[in-house]
């Protein structure tokens with residue numbers, strides 16, 4: 001996570017950089033450290049450029065992402081979010 005743009009108990013918007021794998025809209029995420037959010041996030045949208053939305057984010061690209069679920073205000077610059085449930089997969 002590079003920067004928190006906005007956050008509240010229901011989600012928020014972050015600037016992130018993908019450092020491994022593929023992340024898609026609908027994926028469930030959580031901080032790699034585990035304890036910084038009370039529950040996971042759902043990736044709602046990936047905005048590569050203002051008004052340009054992508055279905056997936058791949059390394060080494062950065063984007064603004066919108067999350068729903070947990071409150072992202074506990075996240076700090078450098079925190080790593082990991083996929084715990086793929087949008088098209090089981091779970």
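No value in this document is a laboratory result; all are computed from the given coordinates. Since we're looking at a predicted model, the values are computed, not measured. Glycine also receives a Cβ, built like all others from the backbone with ideal geometry; neighbour counts cover every protein chain displayed.
Run the quick spin-label model on residue 61 and residue 84: label points 7 Å from Cα toward the beta carbon, then report their separation in nm to one decimal.
It works out to 2.6 nm between the two label points.
Note down the relative contact order for segment 3-85 as a percent, whole number, built from C-alpha pairs under 8 angstrom at least six residues apart.
Contact order relative to length: 42 percent.
Of the listed values (1) 16, 48, 29, 7, 0; (2) 19, 58, 23, 1; (3) 12, 15, 11, 11, 10, 9, 8, 7, 6, 5, 4, 2, 0, identify the label whose number matches P(r) over Cα pairs in 10 Å bins from 0, in percent calculated from this model.
It is the one labelled (2).
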